[in-house]
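**Q** I am attaching a structure below and will ask some questions about it afterwards.
The values are calculated or read from the model by the stated rules, or taken from the named source; none is laboratory data. Fair warning: this is a prediction, and the values are worked out from it, not measured in the lab. No Cβ is skipped: glycine too gets one built from the backbone with ideal geometry, and neighbour counts run over all protein chains shown.
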Amino acid sequence: MRAVCWTGRHQVEVRDVPDPVIIDGRDAIVRVTSTAICGSDLHMYDGYIPSMRAGDILGHEFMGEVVEVGNEVKNLRPGDRVVVPFAIACGDCAPCRRSEFSLCENTNPSTRALAGLNGFTSAGLFGYSHLYGGYAGGQAEYVRVPYADVGPHVVPGGLRDEQVLFLTDIFPTGYMAAENCAIKPGDVVAIWGAGPVGLFAALSASMLGAERTIVIDRVPERLRMAREHCHAETINFDETEDVVEALKEMTGGRGPDGVIDAVGMEAHPSGLSGLYDKAKQTVRMQTDRPTALRQAIQACSPGGVVSIPGVYAGFIDSMPLGAAFAKGLTFRMGQTHVHRYVGPLMREIEAGNVDPGFLVTHRLPLASAPDAYRTFRDKQDGCIKVVLDPAA
Amino acid sequence: MALEIREPDGRRRVQRTVTVLRSPSDCYSAWRDFARLPSFMDSLESVTVDPTSGRSHWKVKAPAGQSVEWDAEVVEDVPGSFLSWRSLPGADPANSGEVVIREAPGGRGTEVTIALSYEPPLGEVGRIAAKLLGEEPAMQLDEDIVRFKEMMETGRIPTTAGQPNGRNRPSVAKRGAA
C-alpha cells in the first residue's frame with residue numbers, strides 16, 4: 001500500500017509499504033477513505049518532536065471502512081464506516097474508566113521513553129513518534145487500529161466524510177478546550193490561533209453558551225473563517241499595537257473570562273520576546289516558544305481560566321506566573337479525551353446543528369502529501385485544512 | 001524509576017511499586033503462579049513448578065549453547081498480601097524476591113510492590129546470568145512491572161511488532177495534484 005512517511009526534518013515521502021495485518025485479537029484493519037494533516041503533524045515535520053525514525057508512517061486524523069477485525073472485537077464488522085480517535089485507549093485502566101482516555105496507562109509500548117521525559121507514561125497515539133508508542137499512522141491506504149473495541153465509532157449513514165472526519169481530533173480538541181473554560185452566562189472567551197483547533201474552539205465556545213468569542217491571529221483568510229463560520233469577532237495581531245489592551249477595551253475593561261491557547265509550542269510572534277524565544281529554541285535551550293500562552297495569561301480576567309489545547313512538548317521559560325498567581329487563574333490542558341466527545345458531537349452534526357466541513361480548503365490525493373505538508377506549513381494558497389484521499 | 005540499592009556486601013536490591021486496577025487476590029494469584037511470570041518478566045524464558053515439593057525451576061533467556069537456570073523455594077506465603085522466595089544453594093547468582101500486596105484507597109485497585117535481590121555472582125555462569133538478568137536491573141524491573149499491569153488490566157501487552165513502516169522502502173512517484 002501507499003503511505004505518507006516521515007523521512008527527516010521538512011521531508012515526507014509517499015512510500016510503498018507492506019499492508020497492515022491483525023497483530024492482536026483487539027485489532028481492526030481499516031481501509032482509509034479520508035485522512036487529514038493536523039497542525040500537530042507540523043511539529044514533527046519541523047523536527048520538534050523527538051524520537052522520530054525515518055520511515056515512520058504519519059497521520060492521526062483518519063476514517064474509513066472496517067475490512068477485518070480481530071477475534072476479540074465484537075462491536076465492529078467488516079463494512080462498518082468508522083471514525084477513529086487519535087489517542088489509543090484500552091478502556092480498562094483507571095484513567096479510561098474515568099473517561100480520561102488520552103491518559104490511558106496500557107496502550108503505549110514505549111513507556112520508558114515517555115516516563116523518562118515526563119515522569120509518567122500516557123496513551124499511545126497514531127503516527128506520533130516513538131515517545132507515543134510508534135504506532136503506524138493513518139495517512140495511508142490501510143491502517144491497523146489497536147483496541148478497536150474501544151476507539152472506533154460507527155458513522156451513521158447519510159453523513160459525508162468531511163462532515164465527520166474532524167471528530168477524530170480537532171473538533172473534540174476545540175470542544176474540550178472550550179469546555180475547560182467552564183463557560184458561564186455572559187462570559188467572553190478569547191482564542192489565540194485561528195487554525196483548525198482555534199476555529200473549532202471558537203465554534204464550541206458559542207455552542208456552550210459564551211456571550212462572545214474573540215479570535216486572535218494574523219492570517220486574513222483564517223480570521224475571515226472565524227467570523228463567517230464560528231460566530232467570532234477577530235483581532236489581527238499584526239495590525240494591533242497591544243492585543244492585551246485591545247481585549248480589555250472589547251470586554252468593558254474586564255478581560256476575557258476564558259482564554260484558549262490554540263497555538264502551542266511554535267508560536268509566530270513579533271517583537272523582542274519573539275526573537276528571544278526563536279533564538280533559544282533554535283539552539284534548543286528551550287524546546288517550546290510560548291508567545292501565545294504568555295499573552296493569554298496577561299489578558300485573562302482575574303479568576304478566569306487558561307485552557308491549553310495547543311501542544312507543548314518540553315520546557316518553556318519567562319512565564320508570567322506572577323500574573324497568573326495574582327489573578328487566581330485556573331489552568332486546564334492536555335491531550336483531548338476524544339472518545340468522550342465523538343458520540344455527542346456526531347449527534348450535533350446529524351441533527352444539522354453544526355457542519356465541520358466548512359474547514360476544508362484543500363482536497364488532494366495521498367500522493368500529493370509532500371506538497372500538501374509544505375503548503376499547509378507555510379499557510380500558502382489560503383490553506384487551512386488539507387484532506388487527503390488515498391483512493392485518488 | 002525503580003529504586004536500586006547496592007548493599008555494602010555487594011548485594012543489589014531493586015524495588016518498584018505499581019497500582020493495578022484489579023483485586024488484591026487477582027494480583028496475588030498472578031505472582032503465586034510462578035509459571036506465568038515469563039508472560040511479563042522479559043528476561044525469563046520459563047519457570048516450572050514441581051507440584052509435589054512446590055519448588056520452582058527458573059530458566060533465563062540465554063544465547064545458543066548457554067544455559068542459566070536455578071531452583072527456588074517459597075519462603076513465606078500469605079495469600080492475598082505477601083509472597084517471598086529465594087534460590088536454593090548452588091544458584092549463581094543467589095537471588096530472592098518478594099511481593100507485597102495491599103488494597104489501594106478509594107477503589108483504586110491494588111498496590112503491588114516487587115523487590116528483587118541479587119548476590120554478587122560467584123563464577124562465570126553467574127556473571128553471564130547477572131548480565132542476562134539485566135545490566136540495568138532497575139530498568140528491567142520498571143518494564144516488567146508495566147507489562148504486569150498491562151497484562152492484569154487488559155490481558156495483553158501493547159505491541160507494534162509486525163506493523164508496516166517505510167524504512168528502506170521505495171518512494172511512490174507522484175500521480176499529480178487534483
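**Q** Here are A:Pro152, A:Pro185, A:Pro146, A:Pro156: which of them is surrounded by fewer than 24 Cβ atoms within 10 Å (Cβ to Cβ) and either among the aromatic types (Phe, Trp, Tyr) or in the same structural domain as A:Leu58 (by TED's automatic domain parsing) (or both)? Outline the logic, then answer.
**A** Numbers: A:Pro152 fails: surrounded by fewer than 24 Cβ atoms within 10 Å (Cβ to Cβ); A:Pro185 fails: either among the aromatic types (Phe, Trp, Tyr) or in the same structural domain as A:Leu58 (by TED's automatic domain parsing) (or both); A:Pro146 fails: surrounded by fewer than 24 Cβ atoms within 10 Å (Cβ to Cβ).
None of the others qualify; the one that does is A:Pro156.
**Q** Where in region B:43-103 are the strands (runs of 3 or more DSSP E), entirely inside, with at least 3 residues that are surrounded by fewer than 16 Cβ atoms within 10 Å (Cβ to Cβ) and hydrophobic (A, V, I, L, M, F, W, C)?
**A** Values: elements: B:44-49, B:56-60, B:68-78, B:82-87, B:95-103.
Ranges flagged: B:68-78.
**Q** Return only the number of the condition from (1) at positive phi; (2) surrounded by 15 or more Cβ atoms within 10 Å (Cβ to Cβ) that B:Gly106 does not satisfy.
**A** (2)
**Q** Given the criteria crowded, with 17+ Cβ neighbours inside 10 Å and more than 14 Å from every other protein chain (Cβ to nearest Cβ), does A:Pro356 qualify?
**A** On the way: crowded, with 17+ Cβ neighbours inside 10 Å: yes; more than 14 Å from every other protein chain (Cβ to nearest Cβ): yes.
So A:Pro356 fits the description; yes.
**Q** Could you go through region B:10-31 and let me know if any residue there is without any contact (Cβ under 8 Å) to a residue 24 or more places away in the chain and more than 22 Å from A:Ala94 (Cβ to Cβ).
**A** Here is the first cut: in region B:10-31, the residues without any contact (Cβ under 8 Å) to a residue 24 or more places away in the chain are B:29.
Then drop every residue that is not more than 22 Å from A:Ala94 (Cβ to Cβ), which leaves none.
No, region B:10-31 contains no residue that is without any contact (Cβ under 8 Å) to a residue 24 or more places away in the chain and more than 22 Å from A:Ala94 (Cβ to Cβ).
For every residue, the table says whether it meets (1) in contact with a Phe, Trp or Tyr (Cβ under 9 Å, 6 or more places away or on another chain); (2) aliphatic (A, V, I, L, M); (3) within 12 Å of chain B (Cβ to nearest Cβ).
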site	(1), (2), (3)
A:Ala36	yes, yes, no
A:Arg53	yes, no, yes
A:His60	yes, no, no
A:Gly64	yes, no, no
A:Phe86	yes, no, no
A:Glu100	no, no, no
A:Glu105	yes, no, yes
A:Tyr132	yes, no, yes
A:Gly137	yes, no, yes
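**Q** Hey, another quick one. So which residues in region B:104-135 are in contact with a strand residue (DSSP E or B) (Cβ under 6 Å, 6 or more places away or on another chain), more than 14 Å from every other protein chain (Cβ to nearest Cβ) and part of a loop (DSSP other than H, G, I, E, B), if there are any at all?
**A** The answer is none; no residue qualifies.
**Q** Return yes when B:Ile101 is β-branched (Val, Ile, Thr), within 11 Å of another protein chain (Cβ to nearest Cβ), touching a residue at least 40 places away in the same chain (Cβ under 8 Å) and within 24 Å of B:Ala35 (Cβ to Cβ) and no when it is not.
**A** Working: β-branched (Val, Ile, Thr): yes; within 11 Å of another protein chain (Cβ to nearest Cβ): no; touching a residue at least 40 places away in the same chain (Cβ under 8 Å): yes; within 24 Å of B:Ala35 (Cβ to Cβ): yes.
No; evaluated as a whole, the condition is false for this residue.
**Q** Now a separate question. Of the conditions (1) modelled with pLDDT of 95 or more; (2) on the phi > 0 side of the Ramachandran plot; (3) surrounded by fewer than 24 Cβ atoms within 10 Å (Cβ to Cβ), A:Glu179 satisfies every one except a single condition; which number is it?
**A** All conditions are met except number (2).
**Q** Where in region A:290-392 are the helices (runs of 4 or more DSSP H), entirely inside, with at least 2 residues that are closer than 21 Å to A:Ala201 by Cβ and of a type outside the set (Lys, Arg)?
**A** Values: elements: A:291-299, A:321-326, A:338-350, A:369-377.
Here the list reads A:291-299, A:338-350.
**Q** Go through the residues of region B:136-145 one by one and say whether even a single one is loosely packed, with under 15 Cβ neighbours inside 10 Å and more than 10 Å from chain A (Cβ to nearest Cβ). Quick ask: steps written out before the conclusion?
**A** First pass over region B:136-145, keeping only residues loosely packed, with under 15 Cβ neighbours inside 10 Å: B:136.
With more than 10 Å from chain A (Cβ to nearest Cβ) added as a condition, the list becomes B:136.
Yes, region B:136-145 contains at least one residue that is loosely packed, with under 15 Cβ neighbours inside 10 Å and more than 10 Å from chain A (Cβ to nearest Cβ).
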